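Once you've had a glance at the structure underneath, I'll fire off some questions.
The values are calculated or read from the model by the stated rules, or taken from the named source; none is laboratory data. Not measured: the values here are computed from a predicted model. A quick note on method: Cβ atoms are made from the backbone with ideal geometry, for glycine too, and the neighbour counts reach across all protein chains shown.
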Amino acid sequence: MSKVRVATVWLDGCSGCHMSFLDMDERILNLIPKIDIVYSPLVDAKEFPEGVDVALVEGAVSSDEDLHKIKLIRERSTTLIALGDCAVTSNVPSMRNPFGVDLVMKRVYLENIDCQAGVPNERLPKLLPKARPLHEVVKVDLFVPGCPPSADLIYQVLSDLLDGKTPDLTQARFG
Ligand code: SF4
């Protein structure tokens, strides 16, 4: 039987959801016979590949680069999972939304800096007017809340999917 092709993606998040993924510890070894991790910050792949079965996406959609990525991920993935509160609700990244991009950039790069002040305009992806949860941009198949979701929950979700079951998320909580 061919292995399930799994990807994990880090958009506008703190990487805490990926830390929680790693916190599955030795249980990852239970998954390895059944999955191939084909794209992730944890592996070396540079391009999001075609034919991904399950994509777990951490973080909100905050920049033009995030937007491009999430559309590509949606196109190339069968099951797209919003992993964690930032992906599900936009959570922390959306704290900038009420202020607008110009004000935030000014505060961060001009006012709160002691040397070499200057708003970067070439090296950083352009921020969107607002940070958005994934489902406002693409269709999401499963929402896994938590900041971060616990390793137990991530393991349960992956195990259920691998067994062909719909994960039971009734006990999952935000925060
Ligand atoms: Fe970090 Fe929490 Fe957002 Fe996950 S949901 S990326 S842990 S802030």
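Please find, among Leu128, Leu103, the residue that is in contact (Cβ under 8 Å) with a residue 40 or more places away in the chain and over 25 Å from Ser150 (Cβ atoms).
One residue alone meets the criteria, Leu128.
Does region 57-88 hold any residues that are more than 9 Å from the ligand (Cβ to nearest atom) and either surrounded by 22 or more Cβ atoms within 10 Å (Cβ to Cβ) or polar (S, T, N, Q) (or both), and which are they?
Those that are more than 9 Å from the ligand (Cβ to nearest atom) and either surrounded by 22 or more Cβ atoms within 10 Å (Cβ to Cβ) or polar (S, T, N, Q) (or both): Val57, Val61, Ser62, Ser63, Asp66, Ile70, Ser77, Thr78, Thr79, Leu80, Ile81, Ala82.
Restricting to region 137-175, name every residue that is in a helix (DSSP H, G or I), acidic (Asp, Glu) and away from the ligand (no atom under 16 Å from the Cβ).
If the condition is that a residue be in a helix (DSSP H, G or I), acidic (Asp, Glu) and away from the ligand (no atom under 16 Å from the Cβ), then Asp160 is the only one that fits.
Residue by residue through region 37-56, note down the ones that are more than 20 Å from Gly13 (Cβ to Cβ) and surrounded by fewer than 15 Cβ atoms within 10 Å (Cβ to Cβ).
Of everything in region 37-56, those that are more than 20 Å from Gly13 (Cβ to Cβ) and surrounded by fewer than 15 Cβ atoms within 10 Å (Cβ to Cβ) turn out to be Asp44, Glu47, Pro49, Glu50, Gly51.
A follow-up question, please. Go through (1) among the small types (Gly, Ala, Ser); (2) crowded, with 17+ Cβ neighbours inside 10 Å; (3) in contact (Cβ under 8 Å) with a residue 40 or more places away in the chain one by one and return the number of the condition Ser159 breaks.
(2)
Looking only at residues in region 118-136 that are surrounded by fewer than 19 Cβ atoms within 10 Å (Cβ to Cβ) and of a type in the set (Lys, Arg), which one is farthest from the ligand (Cβ to nearest atom)?
That would be Arg123.
For region 3-38, how many residues meet the condition of being among the charged types (D, E, K, R) and closer than 13 Å to Ser159 by Cβ?
Taking region 3-38 and keeping what is among the charged types (D, E, K, R), we get 3, 5, 12, 23, 25-27, 34, 36.
If we keep only those that are closer than 13 Å to Ser159 by Cβ too, we end up with 27, 34.
So the answer is 2.
Scan Val61, Val9, Val57 and give me the residue that is among the β-branched types (Val, Ile, Thr), over 17 Å from Thr79 (Cα atoms) and either at pLDDT 95 or above or part of a strand (DSSP E or B) (or both).
It is Val61.
Could you run through region 76-130 and say how many residues are within 14 Å of the chain's Cα centre (by Cα), in a helix (DSSP H, G or I) and not hydrophobic (A, V, I, L, M, F, W, C)?
The total comes to 3.
Please specify each residue of region 89-115 satisfying the condition of being of a type in the set (D, E, K, R) and within 16 Å of the ligand (Cβ to nearest atom).
Across region 89-115, the qualifying residue is only Arg96.
Here is a further query. Consider region 1-34. How many of its residues are within 16 Å of the ligand (Cβ to nearest atom) and not small (Gly, Ala, Ser)?
Residues meeting the conditions: 13.
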